[in-house]
Every structure is written in structure tokens, then in C-alpha cells.
Amino acid sequence: MSLALFVVAASAVEQWPGFTIDMGGPSSSSSSMTSSSRYAVPGFGYMSGGQEDPRNSKCDAEETFFERGIRTSLIQHPEFEEDKVKISLGKKKSKFMQVDVPFSHKANQMSLMEAAEPASEEDPMAKERAKMRAKKAWTGSRIEQAKHAREAELKAEKLQEQDRNAKKIDVWYVNMDTAHERKNCLERQFMDMPGNIKPNRFEAVRFPDSCHKAEPGKAYEDCLAQSNLHDCIEAGIDYASTATHGTQGKDEGRIRSAVISNWCGHKRLFQKIEAEAKNDTEHAKYVVILEDDVVLDRKYFMKVLEDFATKYENRDWDFVQIDPFGHKDKKDMLEHFRGKPVFKPTADNQCSQYWGFHAVLIKVSALPRINHWMSINQAIPIDWLPWRMPHGLSYSALVSRNPEAALNGNVIVLPSYCSSKVMKSTIGS
């Protein structure tokens, strides 16, 4: 059987063509949208029924959510130069900028200063003097003393190892076999990171061409079942959201297959990690799941995630959407962590958007709950999970960027060594 299609979650730009997204939100571009397509999709802050146009909304600027010191350092990419502008492939031929840092290094440096351990006020020579006194002191059993010292040393080593395991984060990304440029771009970014981190690749789910043309409902679901994809839609399909979540004007069946295949790829990956963790007592306590076109801060990415996973005091979360783009609403903000905002995402007005599933931090212990939720709920666009699923947070960590969260109009950020093919959208193709 011919297998043809998988796509990483549709971007906001693809969801609403005619808009380009910057850190301040959607703005009109040269290709206008019709009124019906502008308000067709529920959620992501877009209103139905002819209510206020989100382009005219009075939403707070992105930088206002950060504490003052970090806020002032968020002037992004002063190295922008015309000779770095390139054109991506595809019908839209979007411009993108090849730069190496998705956000400000200075902002992350300032943020992590808060995480530094306080300096010890203990006399640095006190321990040495204590050792000298112990050597000269009278004792009835030097052998027993040495034994206790060794036990204490081994206990300290064990605690140190436990601490390392508690901070461990495994990295996974979903990638289809034909997307070599995306695979190379992502893995090269990890090669540049400290710590010899090797991301794990999970093969994307492919949908057969024959299912694209099947009528929505029983015919379409029977087609998926015949292709051994029935586990992807245990509780059925949200046909409205999966049909309108892609590029308008493309084949509806092809869009739906792309969206559900992305849901299915993540669903199967979550189940795989849960199963592996059950049989491995030394399994990482956390995993981060990436889209294969994400742009990462190679200096701070893992450091910032480890800090949040282990030091953020509010432990009532199962997963955290990292660096969502689109408008944010102050009513959704819980607090600051290291000077950066933490949100409980919603989608109840034009300023609550929280787009993107390009980087998600997950507690491995929460995967049974997450997998159960996905088994009893209809398949939806995967980047709707942050505001649909319980116990999800969003954190503006300043370490990852969805390349379609455009800067300066239609400018998109990619590392200089990544091919322009990474920017070629595959949804609906």
C-alpha cells in the first residue's frame, strides 16, 4: 500500500493564511483573508460570530510579561543584515533570517543568575583543621573510624548520583523518513550543546493516500483501521478542528490526515516512553518532545529546562509548553520563575493564544494520565493540548522558537547551517 503523508503540527501561519506572526501578534499581510476563514477556527483566541478582529485587539506586548531586567535585554538579533536573508522553498517563498540564537543570551544569563547556589560562609580551612585534629586525637579504634568514614563517603556519592538522575531529561523528536534536512538541522544543534546530548528520533506516522479521499465519518475511520491506524483514534475524531487546522484552500481530507497523523505520532511516542520507563528504574524523570524544525538556544536550552523541572516550586503540572508564541493574557499568568512568565493557557479571548507544540517538557510519571486522556478524547490538532488537557502549563523560557513565529514581518529565524528546505511546509502537500 502506498504511504504518503506525515506532518509536524500545523503552524499558526498555516492555520490562518494572510497573517504573519511576530512577538506582538498577528498582522495583516498582502494576501487578505475572507471573513469566513478569519473566524472559522475555534480556540487560539480567535472569536466566532463576527466579534472583534484579533488584529485590532489591545493585547499586551510580549516583553511586558517579563521582569524588568530581562525585559530590557529582549532586543532580538542585532546582527540582522540583508545579506543573511534567504528565501524558503514552496509557493509562498517566505523570507527567513539565518541566525544562531533564537532569543537573547543576555536575558538567559540574567535569569539563571537567580539559580546560582549561595556562596558558603564556612571557613575554607575549617575542614582541613578538623581532619588534622582527628588524626592526632586519641581513639580506641582507628579501623572502626575509617569504616564509618567510608560509609559516609559512599552515602554522599549515592546522593550525588540520585541528584544527577533527578535532573536527567531525555530528548525525543518526531521526524518522517524523507525530511533529511530537518533531521540534520535539529541534530546539528544538539552537537553544538554542552554535555554530549543525543536526541532520540521517533519515526513519524504515515497515512495512506487512499484515506485522504474517504468521506468523513465511518468510511474514513474504516480506512484508517484497515491501515492499522485504529489506535490513533480510539475515541473518534473532532472533524471540525482537524479539517480547518491546516492551510485554507487545500484538500480537506489531506489536511485532516496530516493533523491526525501528527496527533498519532505523539500519542504513540508517549505510549512508548511510558512503557520503557516501567521497566527501567534509572529512566529519566523528564522528557522533552520537539518538532523537527525547532530552533534552539544551544547554550541554555538544557540548562533552563533542567532548572525549571527541578526547581520550580509549583509541582502541579504534567507537561509544560515551552516558548509558546502569539498573544498572552495577564489573567492567564500564574507567576514569574527566574524572571520569566509561567501561564495556565486558555483560549477564551483574542489575547489568549499560546501557539506551538515545538518544545514540550513532560514528567514521565505523568504519562499514564496523559495517555489515558488521549485515549478517551477525540483526536484534535496536537498543539491544542496545552489548553485542552488538564495540568498543563506554558513557560516563556526563551530557549526555543517555532520558525514560523515570524520576526519583523515575514522574517523567520534559522541557524546558519540549516537548509532552506526546513522551511518548506508539508501540511496539505
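In terms of the ratio Rg/(2.2 N^0.38 Å) built on C-alpha atoms, what value belongs to region 278-365?
Taking N as the residue count of region 278-365, the ratio is 1.17.
Classify region 169-221 as rounded, prolate or oblate, taking a ≥ b ≥ c as the square roots of the eigenvalues of its Cα gyration tensor: rounded when a/c is under 1.5, otherwise prolate if a/b is larger than b/c and oblate if not.
prolate
Within 10 Å of each residue's Cβ, count the other Cβ atoms and sort LEU290, LEU112 from fewest upward.
LEU112, LEU290
Going by amide H atoms built from the backbone, whose H comes under 5 Å of the H on VAL171, apart from near neighbours?
Sorted by chain and number, the residues that satisfy this are ASN200, VAL288.
For region 309-403, go through all pairs of different Cα atoms, get the mean of 1/r, take its inverse, and jot down that Kirkwood value in Å.
13.7 Å
For ILE260, ILE370, what ranking results if the residue with the fewest other Cβ atoms within 10 Å of its Cβ goes first?
In increasing order of surrounding Cβ atoms, one gets ILE370, ILE260.
Quick note: the coordinates plus some simple rules give every number you see, no bench work behind them. A quick note: this is a predicted structure, and the numbers were derived from the prediction, not measured. Note that we place each Cβ from the backbone using ideal geometry, even for glycine, and neighbour counts take in every protein chain shown.
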